[in-house]
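Colleague: Okay, handing you the structure first.
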Amino acid sequence: MKIEKILNNNVVIVLNDLNEEIILMGKGLGFQKKAGASVNESKIEKIYELSNQLELERIEELFAEIPVEIIGIAEEILAFATKQLDKHLNDTAFISVADHLHIAIERQKQGIVMKNFLLWDIKRFFPEEFKIGEAAVLMVEEKLSVKLTEDEVGFLALHIVNAEMATNAQNAIDLTQLIEEIMTVIKYTLNISFDENSIHFQRFMTHLKFFAGRVLRVSGEMIKEENVEDDLYLLVKRKYPQAFETTKKVAEFLYKQHRYVISEDEQVYFTIHLAKIVNKSQTDT
């Protein structure tokens with residue numbers, strides 16, 4: 001592979017076999033190199049295949065404006081997140097993470113505090129991602145002697161959520177707000193206290209995150225789905241009336257606000273999850 005452009009000592013742009021520009025990262029990849037030189041492939045640590053020219057231009061601007069140490073921290077954060085979550089993250093997520101870190105650090109140096117109004121919800125709905133945000137803030141403090149606020153922990157956690165779902169920042173905010181709205185419907189319909197540390201609640205939250213993401217992706221579309229067997233639907237309805245009624249309230253809310261129709265199979269899964277939470281609450285009282 002031949003170097004097309006050198007962004008810094010550790011990042012270069014090359015052409016792949018399809019004559020497409022890709023970005024390579026690795027310690028010393030661009031050190032004392034010139035365009036046209038061969039890449040030392042043993043030094044390649046990360047490969048980014050960008051989907052469009054706009055993305056490439058954005059990343060070039062990023063490396064031109066942001067100190068290389070912040071780029072390095074962003075890479076460490078994404079590597080740590082991948083290991084902790086044990087799942088693939090959007091390859092270009094480091095762009096948004098590095099960009100946010102750079103802005104957050106500049107704000108902190110100027111004494112400007114950006115309030116995160118979703119902080120409590122982020123802590124509650126994305127605890128694993130929030131822990132990664134905490135680790136990220138510690139990295140910044142250890143490497144740059146800059147102490148970021150808990151609000152920034154929340155913002156960084158949202159970027160990790162984005163990386164998991166391959167969405168943009170606004171979608172992560174919309175996702176958090178939709179989960180809160182659904183939980184509000186559930187809370188006031190069931191009129192019970194949740195044990196948020198229980199395994200049943202945690203499993204429901206995992207299900208709810210993916211469900212809410214799906215609602216946002218197909219909101220307003222009429223999706224034709226295969227429904228579960230009528231016998232199972234009727235059994236769940238009869239066996240868990242309180243949980244089923246709550247599911248119906250959620251369904252009404254989602255149709256009214258998002259024109260999303262919950263299929264019968266989704267109602268069954270939702271009801272079963274809620275029934276376990278209700279049972280746990282009643283057992284503890």
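The values are calculated or read from the model by the stated rules, or taken from the named source; none is laboratory data. It should be emphasised that the depicted structure is a prediction, and the values quoted were computed from it without experimental measurement. Here the Cβ positions follow ideal geometry from the backbone for every residue, glycine too, while neighbour counts run over all protein chains shown.
Colleague: So which residues in segment 245-269 are of a type in the set (Lys, Arg) and more than 21 Å from residue 174 (Cα to Cα), if there are any at all?
Modeller: Passing the criteria: only 248.
Colleague: Residue 4 - would you say it is surrounded by fewer than 17 Cβ atoms within 10 Å (Cβ to Cβ), within 27 Å of residue 142 (Cβ to Cβ), at pLDDT 80 or above and not hydroxyl-bearing (Ser, Thr, Tyr)?
Modeller: no
Colleague: Can you find a residue that is touching a residue at least 24 places away in the same chain (Cβ under 8 Å) and farther than 30 Å from residue 16 by Cβ anywhere in segment 82-95?
Modeller: yes
Colleague: Out of 128, 141, 134, 152, report the one residue that is over 20 Å from the mean Cα position of the chain (by Cα) and outside the structural domain of residue 244 (by TED's automatic domain parsing).
Modeller: 141
Colleague: While we're on this one: Restricted to segment 26-58, and to residues that are hydrophobic (A, V, I, L, M, F, W, C) and at pLDDT below 80, which residue is farthest from residue 82 (Cα to Cα)?
Modeller: If we take residues in segment 26-58 being hydrophobic (A, V, I, L, M, F, W, C) and at pLDDT below 80, then 54 is farthest from residue 82 (Cα to Cα).
Colleague: Only one of these is out of contact with any strand residue (DSSP E or B) (no Cβ under 7 Å at 6 or more places or on another chain), part of a helix (DSSP H, G or I), modelled with pLDDT under 90 and over 20 Å from residue 233 (Cα atoms): 276, 280, 256. Name it. Break it down into steps so the answer makes sense when it comes.
Modeller: Numbers: 276 fails: over 20 Å from residue 233 (Cα atoms); 256 fails: modelled with pLDDT under 90.
None of the others qualify; the one that does is 280.
Colleague: Go through (1) surrounded by fewer than 17 Cβ atoms within 10 Å (Cβ to Cβ); (2) in contact with a Phe, Trp or Tyr (Cβ under 6 Å, 6 or more places away or on another chain); (3) under 18 Å from residue 162 (Cβ atoms) and name the single condition residue 85 misses.
Modeller: The failed condition is (2).
Colleague: Residues of segment 107-121 being assigned to a helix (DSSP H, G or I) and within 30 Å of residue 204 (Cβ to Cβ), which ones?
Modeller: Within segment 107-121, 119, 120, 121 meet the criteria.
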